[in-house]
Amino acid sequence: MSQESLLEISNLKQHFKTGRHSVIKAVDGLNFNIYKGETFGLVGESGCGKSTTGRTIIRLYDATEGEVYFNGENVHGKKDKSELKKFNREMQMIFQDPYASLNPRMKVEDIIAEGMDIHGLVENDKQRKEKVHDLLETVGLDQEHANRYPHEFSGGQRQRIGIARALAVDPSFIIADEPISALDVSIQAQVVNLMKQLQRDKELTYLFIAHDLSMVKYISDRIGVMYFGKMVELADADELYKNALHPYTKSLLSAIPLPDPDYERSRVRFNYDPSDHDTSEEPEFREVGPDHWVLCTTNEFEHYKKQLATV
Amino acid sequence: MDNHKPSKDLFVPVEKQEGEAEKLSRPSLSFWQDSFVRLRKNVGAMIGLVVLILLAFMAIFGPYMNQYDAYEQDLQRAKMPPKIPVLENISWLGVDGTLSSIKEAETVEAAREKALARFGGDEETITTNVLTEPSGDQLARVEGIQDVYAAKEIETNFWFGTDSLGRDLWTRAWEGTRISLFIALLAALIDMVIGVAYGGISGYYGGRVDNILQRIIEILVGIPNLVVVILMILILEPGITSIIIALTITGWISMARIVRGQVLKLKNMEFVLASKTLGAPDNRVLRKHLVPNVTGLIVINTMFTIPAAIFLEAFLSFIGLGLPTPIASLGTLINDGFDSLQIYPYIMIFPALIISLIMIAFNILADGLRDAFDPKMRE
Ligand SMILES: Nc1ncnc2c1ncn2[C@@H]1O[C@H](COP(=O)(O)OP(=O)(O)OP(=O)(O)O)[C@@H](O)[C@H]1O
Ligand SMILES: [Mg+2]
């Protein structure tokens with residue numbers, strides 16, 4: 001895998017004003033890169049700001065502070081219309097709720113073709129139909145489904161329609177915001193496999209958002225763990241599983257059940273207590289091992305380093 | 001412990017049958033087709049619809065069905081009771097062109113005198129029936145029935161009778177229905193346009209704009225509706241235009257609120273976000289995603305606004321703030337009839353029946369539409 005960055009996020013902040021004096025710091029200073037062709041998993045508990053991160057990256061929200069560079073270009077900087085449109089084509093999103101992400105008044109054909117219509121990618125109706133049929137086939141649906149309405153489909157089918165809609169504009173980067181968490185377990189693998197296959201065929205880069213580690217481990221190359229708007233640990237997927245350092249990551253890992261009775265009998269769930277941290281100074285994001293980053297204070301940094309050396 | 005471990009060969013993979021599972025058997029129906037199918041199954045709503053179509057037909061063609069004009073006065077034929085050919089033979093309908101009156105007195109003779117006097121003493125056209133003979137302290141009761149058409153030597157029939165100025169009530173009733181419906185439809189249309197635009201802008205742009213627009217609505221709502229309407233009518237020249245203005249001046253508020261709420265909900269739905277990430281400009285989002293998803297609610301709300309507007313117009317006319325005298329509307333007709341309700345009940349009954357039918361039909365139909373548009377009703 002090449003180590004060329006597709007996306008660079010530096011000090012990204014997204015604060016929502018909810019009242020005259022109250023502010024929700026949904027995202028509070030994120031720094032990370034996403035390499036070309038990889039799948040970056042972003043995990044954390046509900047409400048920690050994962051969706052907000054994704055939506056800010058794709059410019060659904062204006063960032064309060066910080067920059068997002070896509071292929072070296074600043075996404076949030078001032079742009080004219082044509083440049084913005086180029087970004088819209090490069091970056092796409094797959095949404096969490098398959099029941100809310102498709103307009104109930106539109107036919108599947110029009111839903112999938114929306115991007116092509118906006119960007120003028122097709123010349124005539126015949127070509128539009130053909131492309132829609134191709135896309136339906138790509139995501140494993142029937143051509144005949146083009147003339148139907150979303151309410152006639154199951155959750156997994158809808159999610160695949162959502163994927164087809166995103167693919168219609170030939171993006172290179174896709175943000176998948178918990179694309180499987182609303183699906184039945186039996187369908188989850190189907191959608192994940194489809195995404196993996198598409199990644200191979202179309203050289204896509206994914207930001208895969210999830211709230212538990214079990215499926216992310218399977219799909220991701222690198223994983224970032226978020227806690228209350230901050231990234232607390234970032235490492236290769238395997239490294240994170242083997243040598244989790246931050247107590248929050250450990251707690252997440254301890255929550256994964258395995259279909260192995262022996263393991264389950266000895267599994268101890270581990271609760272994260274934020275007050276256990278060293279509070280002598282503001283924690284910073286530091287590289288503890290090669291490509292293994294942890295949010296820590298200087299004291300904790302030394303401690304983690306030692307811990308990493310012993311394994 | 002190891003004996004709990006299930007052996008691998010106990011598991012047989014289920015055969016893949018994706019191809020078949022993806023098949024959809026139901027015919028493909030759009031939201032509107034689907035709703036219409038459900039509406040058609042609703043008997044009440046269909047009756048309401050038929051009644052409304054009939055009433056609308058009569059409002060358009062009714063006034064031309066006889067030779068009389070809605071404004072032509074003729075005191076010679078004032079207060080003629082209704083007379084409808086064929087139906088006149090069914091006595092309990094009371095459309096046989098006769099007026100009746102029951103008089104009481106000490107003796108049968110005296111009562112009969114009174115009954116004759118009630119109709120001007122023209123004995124040829126009056127029949128009298130003795131209802132009760134005097135006995136003990138019970139008075140004699142005699143019913144006098146006059147064939148008014150014979151008495152006035154009028155050959156033609158007034159289907160709904162005439163009013164105190166001799167105007168044909170059939171013509172006036174349908175003319176009034178037409179004017180009332182026109183006022184209500186126009187008022188509802190204006191309410192809809194203002195309400196949708198106001199609520200849409202307020203909801204879609206949100207923030208400061210929303211804040212200001214909502215404060216304005218709150219102020220308007222704070223003033224009692226009737227006070228505003230009455231003040232408006234007093235300032236403006238009475239007439240159809242001013243009634244419409246009075247009805248719309250506060251009427252759009254409920255529509256604005258409904259649309260705003262709906263847009264607020266919709267604009268953060270994921271399909272709208274998806275459209276934005278594809279680069280859709282605001283007007284496309286509004287046109288393709290927001291408007292089609294609030295249309296159902298707009299239609300339902302309008303269907304409820306129309307009868308409310310008809311009622312308010314009738315109410316204003318009834319308390320004397322509505323249309324000026326010669327113009328017929330259901331409200332003014334009821335007001336006219338109310339003055340002589342006890343002697344000539346038919347003057348009020350017909351417009352009252354029509355207005356009741358309109359109100360009931362609209363409400364039933366609107367109810368049916370609400371059920372039909374509700375996706376939870378989908379089978
Ligand atoms: N538009 C907004 N205005 C105000 N607060 C918001 C807004 N969007 C999100 N938030 C708040 O920001 C925080 C992070 O929300 P976000 O949706 O990013 O969480 P999440 O990690 O995606 O959670 P989940 O796993 O449930 O999807 C939450 O506390 C939420 O209430
Ligand atoms: Mg989320």
**Fill in**
Rounded to the angstrom and largest first, Cα extents along the principal axes for segment B:24-78 equal 73, 17, 13
**Among A:Val132, A:Val43, A:Ser186 - extreme Cα towards positive end, dipole of segment A:5-242, charges at beta-carbon** = A:Val43
**Request:** Give the share of C-alpha pairs in each 10 angstrom bin for chain B, from 0 to the last occupied bin, in whole percents, shortest bins first.
**Result:** 5, 16, 20, 18, 14, 10, 7, 4, 3, 1, 1, 0
**Message:** So for chain B, averaging the separation of alpha carbon pairs under 8 Å that are six or more residues apart and normalising by length, what relative contact order in percent results?
**Reply:** 20 percent
**Request:** Compute the distance in nm between two label points, each set 7 Å from the Cα along the Cα-to-Cβ direction, one at B:Phe61 and one at B:Phe11.
**Result:** 7.5 nm
**Item:** Gap separating the Cα centres of segment B:295-327 and segment A:104-142, nearest whole Å
**Value:** 46 Å
**Complete:** In whole angstrom, the spacing between the Cα centers of segment A:243-266 and segment B:250-282 equals 43 Å
**Request:** Once you have the Kirkwood Rh of segment B:169-377 from its Cα pairs, apply Stokes-Einstein at 20 °C and 1.002 mPa s and quote D in µm²/s.
**Result:** 114 µm²/s
**Asked** Taking the Cβ-Cβ separation of A:Asn147 and B:Asp374 as r and a Förster radius of 30 Å, what is the calculated FRET efficiency to the nearest 0.05?
**Response** 0.80
**Message:** How far apart, in nanometres, would the label points at B:Ser30 and A:Asp117 be if each is projected 7 angstrom from Cα along the Cα-to-Cβ direction?
**Reply:** 1.2 nm
**Asked** R0 = 56 Å: FRET efficiency of B:Leu236 with A:Asp212, Cβ-based, nearest 0.05?
**Response** 0.25
**Asked** Quick one: with all protein chains in place, what share of the accessible area of the protein assembly as shown is carbon or sulfur, to the nearest percent (1.4 Å probe)?
**Response** 56 percent
**Request:** Could you name every residue in segment B:236-277 that has 30 Å² or more less accessible surface in the full protein assembly than in its own chain alone (probe 1.4 Å, ligands and nucleic acids excluded)?
**Result:** B:Glu270, B:Phe271, B:Leu273, B:Ala274, B:Thr277
**Asked** Roughly what angle does helix B:240-267 make with the longest principal axis of chain B, taking Cα atoms, 0 to 90 degrees, to the nearest 10?
**Response** 20 degrees
**Prompt:** Which value, in debye to the nearest 20, gives the size of the charge dipole of chain B about its Cα centre, when Lys and Arg are +1 and Asp and Glu are -1 at the Cβ?
**Reply:** 2480 debye
**Prompt:** Fully extended, how many nm does the chain gain between A:Asp260 and A:Glu83 (0.36 nm per residue separation, minus their Cα-Cα distance)?
**Reply:** 58.5 nm
**Shape metrics for segment A:1-125, restricted to C-alpha atoms - Rg then Dmax, Å** = 16.8, 53
**Request:** Rank A:Thr297, A:Pro261, A:Asn271 by how far each Cα sits towards the positive end of the charge dipole of segment A:244-311 (+1 on Lys, Arg Cβ; -1 on Asp, Glu Cβ) and give me just the farthest.
**Result:** A:Pro261
**Request:** Leaving out ligands and nucleic acids, note down the accessible area per residue over the protein assembly as shown with a 1.4 angstrom probe, in whole Å².
**Result:** 50 Å²
**Asked** Residues of A:89-101, mean number of Cβ from any other protein chain within 10 Å of their own Cβ, rounded to a whole number?
**Response** 3
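Ordered by packing density, taken as the mean number of other Cβ atoms within 10 Å over each peptide's residues, highest first, how do A:214-227, A:186-199 rank?
Ranked from most to least packed, the peptides come out as A:214-227, A:186-199.
Using only the C-alpha atoms of segment B:187-308, find the volume of their convex hull and express it per residue in Å³.
104 Å³
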**Fill in**
Note: B vs A interface, total accessible area buried (1.4 Å probe; ligands, DNA, RNA excluded), nearest 100 Å², is 3000 Å²
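What whole-number value in cubic angstrom gives the convex hull volume per residue for the C-alpha atoms of chain A?
Details: hull volume 50.2 nm³, N = 311.
Given the Cα convex hull of chain A, per-residue volume reads 161 Å³.
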**Request:** Highest first, please rank the peptides B:228-240, A:258-270 by the mean number of other Cβ atoms sitting within 10 Å of their residues.
**Result:** B:228-240, A:258-270
**A:Lys305 accessible area, 1.4 Å probe, all protein chains in place, Å² to nearest 10** = 90 Å²
**Prompt:** Which length gain, in nm to one decimal place, applies between B:Gln138 and B:Thr325 when the Cα-Cα distance is subtracted from 0.36 nm times their residue separation?
**Reply:** 62.8 nm
**Request:** For segment A:110-132, state which residues have at least 50 Å² less accessible area in the presence of all protein chains than in their chain by itself, taking the probe as 1.4 Å and leaving out ligands, DNA and RNA.
**Result:** A:Glu114, A:Ile118
**Request:** About the Cα centre of the protein assembly as shown, how large is the charge dipole given +1 on each Lys and Arg Cβ and -1 on each Asp and Glu Cβ? Please answer in debye to the nearest 20.
**Result:** 1180 debye
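Which order, highest average first, do B:66-79, A:98-111, B:125-138, A:283-296 follow once you tally other Cβ atoms within 10 Å for each residue and take the mean per peptide? Show your work: numbers first, answer last.
Details: B:66-79: 14.5, A:98-111: 21.4, B:125-138: 12.9, A:283-296: 17.6.
Result, highest mean first: A:98-111, A:283-296, B:66-79, B:125-138.
Which whole number gives the average, over all residues in A:262-268, of C-beta atoms from other chains lying within 10 Å of the residue C-beta?
1
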**Prompt:** Across 10 Å bins from 0, what is the distribution of all Cα-Cα pair distances for the protein assembly as shown, in whole percents?
**Reply:** 3, 11, 16, 16, 14, 11, 9, 7, 6, 4, 3, 1, 0
**Complete:** XL table A:Lys196/A:Lys250; A:Lys13/A:Lys86; A:Lys36/B:Lys8; A:Lys126/B:Lys41; A:Lys230/A:Lys305; A:Lys242/B:Lys267; Cα-Cα > 32 Å flagged, in table order, is A:Lys36/B:Lys8; A:Lys126/B:Lys41; A:Lys242/B:Lys267
**Message:** Based on alpha-carbon atoms only, what is the radius of gyration of segment A:244-311 relative to the globular estimate 2.2 N^0.38 Å?
**Reply:** 1.29
**Request:** Starting from the Cα coordinates of segment A:131-191, work out the convex hull volume and express it per residue in Å³.
**Result:** 90 Å³
**Exercise: per-residue mean of other protein chain Cβ atoms within 10 Å, B:285-297** = 2
**Request:** Using the Kirkwood radius over Cα pairs, work out the Stokes-Einstein diffusion coefficient for segment B:207-278 at 25 °C and 0.890 mPa s, in µm²/s as a whole number.
**Result:** 168 µm²/s
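The values are calculated or read from the model by the stated rules, or taken from the named source; none is laboratory data. Quick caveat: nothing in here was measured; it's all calculated off a predicted structure. Counting neighbours? That spans all protein chains shown, and the Cβs are built from the backbone with ideal geometry, glycine included. We work out accessible area using only protein heavy atoms, side chains counted, and drop any ligands, DNA or RNA first. Shrake-Rupley method; radii C 1.70, N 1.55, O 1.52, S 1.80 Å.
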